[in-house]
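The structure under discussion appears below in the form of structure tokens.
No value in this document is a laboratory result; all are computed from the given coordinates. Note that the structure is a prediction, hence the values are computed from the model and not measured. Don't worry about glycine lacking a Cβ; one is built from the backbone with ideal geometry, like all the others, and counts go over all protein chains shown.
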Amino acid sequence: MTGAGGRIVAALRRLPHTLREDLWTAPVDPVPPMGAPGSPVWRPAFGMLLTLGVTTVAVWHVPDLVPHGAAVPEYAVLLVVSQALAVLTAMWQPLYAWWASLVLMVVSVRIAESAMTPGELFPWTAPEMALQSGALFLLSLRVHQRRAALALTLTLLAGLVSGCFSAKAHHYSLGIGALVLVTAVGIGTALRALRVTRSQLVVQSGLTEEERARRTLLEERNRIARELHDVVAHHMSVISIQAQVAPHLVENPSAELRENLAGIRENAVEALAELRRVLGVLRSEDAVADGLRHAPQPTLDRLDELIGKVRGTGTAVATETTGTPGSLPPGVELSAFRIVQEALSNVMRHAPGAHARVEIGYHSAAVTVRVTNTAPDPDPDPSPAPAGGVGHGLLGMRERVTMLGGDLAHGRTPGGGYEVVATFPLEDSA
């Protein structure tokens, strides 16, 4: 069977499971904490006052279930009080409380039907309407509208069946009872929809605040990038030009002077290019934007070039490589190079005249980078300019190593020097 008929048959087959899921096993909405969106402080108090009022009305109408002058049966009092307690329980367990209220309503109708006068409402008396509408109202506050509609339908069917199987004529209240029950479910469903909408608005407002903060951060990064470019790039360009012009301002410059000035210009140009790549990251929301992901990044293959430049400044650097060099993940290559670069820069800034040593160890499961230096020369010549600011070199090293799942150790050595040791695991970095 195909088409609409097949879908109808499939829906009918799923109907028992759907009814069991919606009207018994599926959880209800949790009670929002006091003051939460959609849950005003007065709602719990309102529910309790409603229950107490319904209980009072029900108890006062118990005598109407028997002929005038007759004694009130004990079962009538017990049934009314039980239904009132069921409505009160609906504040915490609305689904099971509705079932209890429905069953008690059917039982009370069958027991009290023979004792009711023809002028009384049947099968729902005024107290029954109040109790059933209260149970459905509290249920519809906590479940999806489809489940509330199913509960309402089952309640109306129970009332219709109870009214059909009667032993004598009654003043039937099916019409007004259905109107009262539908109104209660409609109000409860509307209040639940309002609560859900308010909760979603709060979540959306939080996301909007996060997006606004993120946008503000990006704008601040762009501002820093522009300012940094305007200041640093200008000075680096001036250094490059001055280094190029300086040989022409000296009569018969020596070869050593020309070589040093050429090295200064070369370092300035390379630093300027590196600065522009970093600024590109700051200007881009994506750190691997199209213009940057293909930019060449330094690796350990350029370590000799880096050490040569450091030696050109007059700093003695020894190197040692242990193990068999192999292919490393790009992140490890870049971070290892940057750590050596930053460590040697710290040696030149903070330990003038010291001897540095760079050790690279290749192991089966990790790569270690160790940079050490001796104690600084107490009277270096020439005297280096003091490093300004606090600096974030060690913080940057730690962030790089942590990002790759490695470890970083640094500190003073017994001879007054300093060492930095970084370990990069190869399994987590691949």
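Take the Cα of residue 14, step 7 Å toward its Cβ, do the same at residue 260, and the gap between the two points is 8.4 nm. For the range 399-430, the list of GluC sites (Glu not before Pro) that fall in a loop by DSSP and count at most 10 other C-beta atoms within 10 angstrom reads 427.
Backbone amide hydrogens, once placed in the peptide plane, bring residue 367 within less than 5 Å of 424, 426, excluding anything fewer than 5 places away on its chain. Residue 413 sits among other residues whose Cβ lies under 15 Å from its own Cβ, and their net charge, with Lys and Arg +1 and Asp and Glu -1, is +1.
At an R0 of 30 angstrom, the distance between the Cβ atoms of residue 271 and residue 319 translates into a FRET efficiency of 0.85. Highest mean packing first, where packing is the average number of other Cβ atoms within 10 Å per residue, the peptides 19-27, 265-273, 89-97 line up as 89-97, 265-273, 19-27. Computed 3J(HN,Hα) for the range 198-204, one whole-Hz value per residue from the Karplus formula 6.51 cos²θ - 1.76 cosθ + 1.60 where θ = phi - 60°, is 5, 5, 5, 5, 5, 4, 5, glycine and proline marked x.
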